[in-house]
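Below: one structure, written as structure tokens.
The values are calculated or read from the model by the stated rules, or taken from the named source; none is laboratory data. Since the structure is predicted, the reported quantities are computational estimates derived from the model, not experimental observations. Neighbour counts are summed over all protein chains in view; Cβ atoms, including those assigned to glycine, are modelled from backbone coordinates with ideal geometry.
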Amino acid sequence: MLQTLGEWVWWERLWLPENVSWSDLEDTEGRVYAKASQLYDAVPCAFCLLLVRYLFERYVATPLANVWEIKDRVRLTAEQNPLLENYFCSKARAPSQAEVRSLCKKTGWPERRVEVWFRRRRNQDRPCLRKRFSEASWRCTFYFFAFFGGLLALYDKPWFYNLREVWAGFPVQSMLPSQYWYYILELGFYLSLLLRLTFDVKRKDFKEQVIHHFATLTLLSFSWISNYIRIGTLVMAVHDASDILLEGAKVFHYAKWHKTSDAMFVVFTVVFMVTRLVIFPFWLIHCTWVYPVELYPPFFGYYFFNVMLMVLQILHIYWAFLISRMFYKFIFSKLEGDDRSDEEEDDSDPPKERNHKSSHMNGSGVRGRANGH
């Protein structure tokens, strides 16, 4: 049964065009081809990147945060209240006004006190500023080296300038050492992001991030096995171009270098729109939809690869909407942070409540006077 399943999984018509077999992609003298077993190299690479990230955040990002005087905001701890804690964990982190009134009846607290409790409790679960800075600086550093390393591997290749060269001799195209390392590092990086997803800063587009990481890993793995390596390297370079600027803008925003952050955000917006909404669909997806059928009949891998590219493009459109909204705020009002972020809320008591509490603490209230304090 397992043998039959393996034959179905590795059926040549799923991965390769007609009249091409796995035997055509066996290594010969002077020619080396990508192999599915090499994808396992991404697993140790992912764990190595996690170790490098830990060392980077501890010995580079943390000292840099100290130099730039990036400090965590002092948070007020929510009062101990088992009833509200149970409601927070099991039902709603942000209750509606009707739910707040119901909780007031159960706890005997005023509405404002319940609302402040939930704000403080939500803030306790949010990542601190230094954690955000460390994460952004790590991603910015990786994307920087990945992008310029990718350009170094691509700049002298004919398919970097003429997309028809992507399919010259396909799929019998020898793999280059630079392509191997580019792929394994990118696969390892996105795998490490998946492994860290529940520990990293959780944003409002968390589900979209998960879909993006899975789609990217699936695309990279499939393109490796089917020898779509040339187009795969171009797709990675296009994505890394804007990611450097996004993470860099966050780094300078956390460091309160607002002019630098604003300038990088403007450049990021332009680069994102050009690379993700113009180059990616009208150059790269056009290259994978149109040119291959001029050489061979469509097969399963052709449709699968293009569908996955379209999934990425849908995510690009979604993020372009969020970025456009942020850019609008930046131009016409005031931009505060990242629209995708779960921003920290003001967890202080309102002035009236603070005065009311302080009056009781100082013994100036009716109860204080009655007790003779």
Residues in the range 284-318 that are exposed (fewer than 14 other Cβ atoms within 10 Å of the Cβ) and either outside the structural domain of Ala241 (by TED's automatic domain parsing) or under 19 Å from Arg164 (Cα atoms) (or both) total 8
Give the range 20-77 a look and list any residue that's among the aromatic types (Phe, Trp, Tyr) and in a loop (DSSP other than H, G, I, E, B), or say none. Tyr33, Trp68
Among the residues of the range 201-247, what is the count of those that are among the charged types (D, E, K, R) and modelled with pLDDT under 85? 6
Scanning for something touching a helix residue (DSSP H, G or I) at 6+ places or on another chain (Cβ under 8 Å), in contact (Cβ under 8 Å) with a residue 60 or more places away in the chain and within 30 Å of Glu18 (Cβ to Cβ), does the range 241-262 turn up at least one residue? no
Of the conditions (1) farther than 25 Å from Phe222 by Cα; (2) surrounded by 15 or more Cβ atoms within 10 Å (Cβ to Cβ), Tyr54 fails just one. Which one is it? (2)
Out of the range 167-196, which residues are out of contact with any helix residue (DSSP H, G or I) (no Cβ under 7 Å at 6 or more places or on another chain) and without any contact (Cβ under 8 Å) to a residue 40 or more places away in the chain? Ala168, Gly169, Leu176, Pro177, Trp181
Can you say whether Val210 is assigned to a helix (DSSP H, G or I), surrounded by fewer than 15 Cβ atoms within 10 Å (Cβ to Cβ) and out of contact with any Gly (no Cβ under 9 Å at 6 or more places or on another chain), as far as the supplied structure shows? yes
Subset of the range 27-42 (residues that are in contact with a helix residue (DSSP H, G or I) (Cβ under 6 Å, 6 or more places away or on another chain) and on the phi > 0 side of the Ramachandran plot): none
Inter-residue pairs, beta-carbon under 9 Å, first under 18 Å from Tyr183 (Cα atoms) and in the range 20-38, second assigned to a helix (DSSP H, G or I) and at pLDDT below 85, 6+ apart: Tyr33/Asp24; Tyr33/Leu25; Ala34/Leu25; Lys35/Leu25
Residues Tyr296, Tyr303: which one is in contact (Cβ under 8 Å) with a residue 60 or more places away in the chain and among the hydroxyl-bearing types (Ser, Thr, Tyr)? Tyr296
Looking at (1) surrounded by fewer than 18 Cβ atoms within 10 Å (Cβ to Cβ); (2) within 17 Å of the chain's Cα centre (by Cα), which one does Ala249 not meet, given that it meets all the others? (1)
If I ask for residues that are surrounded by fewer than 19 Cβ atoms within 10 Å (Cβ to Cβ) and among the hydrophobic types (A, V, I, L, M, F, W, C), which ones from the range 164-197 would you list? Ala168, Val172, Leu176, Trp181, Leu194, Leu195, Leu197
